[in-house]
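Here is the structure we will look at.
The values are calculated or read from the model by the stated rules, or taken from the named source; none is laboratory data. What you are looking at is a predicted structure, and each value in this text was computed from that prediction instead of being measured. No Cβ is skipped: glycine too gets one built from the backbone with ideal geometry, and neighbour counts run over all protein chains shown. Protein only, heavy atoms only, side chains kept; ligands, DNA and RNA dropped before computing areas. Shrake-Rupley method; radii C 1.70, N 1.55, O 1.52, S 1.80 Å.
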Amino acid sequence: MARTARRLLASRLRALRETGFDVKVTQDQLAAALGAGKPLSSAAISTWENSEIDKWPSPTRLVQYALIFSGPKSLVPALHVPDESTLDKPARIRFHQLRSGLLELRESAEREAKRERTHPAPAGGHELWHHDRAEKLFVVAPELPPGERMPYADERNVNYIRLARYGDLDAFFEMFVSLTRMGYTNLSHRSAREHGIGTARNLVLIGGPTWNPLTRSFMHLLNLPVEQHPAAGGEAGYFTASDGTAVVPSVLGESQVVEDIGLFVRATNPTNPDTDVTICTGVYTYGVLGAVHLFTNPRLAGENVRAVQERLGQARAFAVLFRVKVIDGRVPTPRLPAAIIDCVPLD
């Protein structure tokens, strides 16, 4: 289910704090002002500004927000909640507008969350895929470099095959088919270097940063605590966990991968807070396929979602790094309770 109303409320609260005055108000400053005699932590402010967590300020707190941001006098001598009776006419008008708008946004967010609880997503762990099924969703595959392509990938070939340009084709196909089965009716797919990709839409990015420039760009924009290091200079690729530990696949001889490393990321789209971005990547193709299987396998997706929730609660923005077994070239769906290496929330 879409989180449009919750994202609008979170975005509005963040915008007030960051742009409501000529100077940016920090979360600590706002927490101190709202708390007054009753301490309020900056973590509470952060939670309210995170659209993926269903917690928001009480109506009383929102009235305090409206009073604070009704005018610049709230900044002197330090940020505080002014008394309504002290507001001049322009500030009083802005206060009433802000109060009405914020309370309306909160009411919409509550209604949306209630609808989601009343009409839960299909069984099998697909609550992770909470979008409105009619929303536009792009699945973006990596594009093979010219030297790796079949002749049919050349647009000048009379037998041109568009999908021959796609890398990680197994993972792309599995993801696209799974989303179709979940009821998405407005799906599109592209290779990473094709035109017409709406980057402000809901995005599912397949493949690592070497062949998928969108994966590289969004991993940079999201400033992930888990880093991927592609192969370079004859050295194999690897990941760095959030504590700085290097995590490498297991390879027998020169080419038999028996355990890959996969990374699944779900985060608010940094180019549009009303949409999200999903990244499925790995050191090798097996890790990418494992990341796709993780939350699309009808039998194991629910178990894997619960494994993340046990570590992070209900946070929907997260990155999970995990091991992917490879059996004679085949990739069984990873089971996160045993396969997790690192699991971190994202703001």
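Data for the structure
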quantity	calculated
Expected 222 nm ellipticity per residue - DSSP helices of 4 or more, -39500 (n - 2.57), all of the chain, to 500	-11000 deg cm²/dmol
Relative contact order computed over the chain (Cα-Cα under 8 Å; 6+ residues apart), in percent	15
Sequence ranges 29-41, 217-229, 130-142, 146-158, ranked by mean other-Cβ count within 10 angstrom, highest first	130-142, 217-229, 29-41, 146-158
Alpha-carbon Debye profile of segment 275-347, log10 I(q)/I(0) at 0.18, 0.20 Å⁻¹	-0.68, -0.83
Part-to-part distance (alpha-carbon centres) for segment 189-211 and segment 58-112, which is given in Å	41
Stokes-Einstein diffusion coefficient of the chain, Kirkwood radius over Cα pairs, 4 °C, 1.567 mPa s, in µm²/s	59
Orientation-averaged projected area, Cα convex hull of segment 1-94 (nm²)	6.3
Cβ-placed point charges (K, R +1; D, E -1), dipole of the chain about Cα centre in debye, nearest 20	1120
Residue among A307, G329, V288 farthest towards the positive dipole end of segment 281-347, charges placed on Cβ	G329
Heavy-atom accessible area per residue - the chain, 1.4 Å, Å²	49
Label zone at E148 (point 7 Å along Cα-to-Cβ), backbone N below 12 Å, segment 228-267	231
3J(HN,Hα) from dihedral phi, segment 17-23, Karplus parametrisation 6.51/-1.76/1.60, rounded to Hz, x for glycine, proline	5, 8, 10, x, 10, 5, 10
Long-range HN-HN contacts of D276 with modeled amide H, under 5 Å	N202, L203, N269
GluC sites (Glu not before Pro) restricted to DSSP loop in segment 245-338 with at most 14 other C-beta within 10 Å	E254
